[in-house]
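Colleague: Pasting in a structure now, in structure tokens, and then I'll have a few things to ask.
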Amino acid sequence: MSLYRCEALAAVHDRESFSCGVLPLDIYLRKQAGQDVSRKIAAVFVMVEAAEPRTIAGYYTISAMGVEPEDLAPEIARKLPRYPLLPAFLIGRLARDARFPGAGSLLLADALRRCLRQTDEVGAMAVLVDAKDERAAEFYAKHGFIPLRKTPGRLFLPMRTIARAGAV
């Protein structure tokens with residue numbers, strides 16, 4: 001049985017006690033996440049302990065996004081259609097509470113599995129992430145993400161790579 005589970009953000013989750021150490025990410029969860037969900041701007045998922053389902057160990061957001069082929073590595077772009085924008089998912093925010101070391105990789109794995117499952121119904125050739133700083137960029141690079149060429153701080157992982165990894 002798993003210690004954690006990921007589920008859609010709901011009113012029962014204790015947002016106020018969440019603290020990842022990055023104030024904008026804390027404030028987003030407390031003040032903005034619910035509005036983004038209701039406006040369909042982002043889907044917000046929280047990781048909770050199975051034994052304490054109100055406590056948020058971490059969260060991530062997923063949205064639809066388009067990426068310009070010229071922003072991708074040439075060896076990847078040349079294998080794709082020449083559309084002005086290619087469909088992708090965006091993990092715009094991902095944060096773990098400081099009390100839960102190691103939860104970041106679990107959150108990312110869940111987000112990637114969720115995105116891969118959605119490709120049966122919504123086309124997406126990659127998952128994009130926004131790295132808020134160098135430490136975040138290193139975290140994503142460690143998990144195989146590749147920097148985009150023209151957009152600093154944004155990285156991508158081809159859906160094909162995610163699928164080959166066995167949905168993480």
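The values are calculated or read from the model by the stated rules, or taken from the named source; none is laboratory data. Computed from a predicted structure; not experimentally measured. Here the Cβ is made from the backbone with ideal geometry for all residues, glycine too, and neighbour counts use every protein chain on show.
This table checks each residue for (1) within 19 Å of the chain's Cα centre (by Cα); (2) assigned to a strand (DSSP E or B); (3) acidic (Asp, Glu).
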position: 28; (1), (2), (3): yes, no, no
position: 40; (1), (2), (3): yes, no, no
position: 55; (1), (2), (3): no, yes, no
position: 83; (1), (2), (3): no, no, no
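To keep it simple, each residue is scored yes or no on (1) at pLDDT 95 or above; (2) farther than 19 Å from residue 165 by Cβ.
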| site | (1), (2) |
| --- | --- |
| 57 | yes, yes |
| 60 | yes, no |
| 71 | no, yes |
| 88 | yes, no |
| 93 | yes, yes |
| 97 | yes, yes |
| 114 | yes, no |
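Colleague: Just the residues that are under 18 Å from residue 154 (Cβ atoms) and surrounded by fewer than 18 Cβ atoms within 10 Å (Cβ to Cβ), please, taken from segment 82-129.
Modeller: Result: 84, 85, 87.
Colleague: Okay, next question. Among the residues that make up segment 147-161, is at least one of them modelled with pLDDT of 95 or more, surrounded by fewer than 16 Cβ atoms within 10 Å (Cβ to Cβ) and more than 24 Å from residue 8 (Cβ to Cβ)?
Modeller: There is no residue in segment 147-161 that is modelled with pLDDT of 95 or more, surrounded by fewer than 16 Cβ atoms within 10 Å (Cβ to Cβ) and more than 24 Å from residue 8 (Cβ to Cβ).
Colleague: Among (1) closer than 30 Å to residue 16 by Cα; (2) out of contact with any helix residue (DSSP H, G or I) (no Cβ under 8 Å at 6 or more places or on another chain), there is one condition residue 58 misses while meeting the rest; what is its number?
Modeller: Answer for residue 58: the failing condition is (2).
Colleague: Output the residue which, of all residues in segment 87-107 that are assigned to a loop (DSSP other than H, G, I, E, B) and under 11 Å from the mean Cα position of the chain (by Cα), is nearest to residue 24 (Cα to Cα). Break it down stepwise before answering.
Modeller: From segment 87-107, those assigned to a loop (DSSP other than H, G, I, E, B) are 92-93, 97-102; that's our starting set.
Applying the additional criterion that residues be under 11 Å from the mean Cα position of the chain (by Cα) yields 92-93.
Details: 92: 13, 93: 10 Å.
Ranking the candidates gives 93 first.
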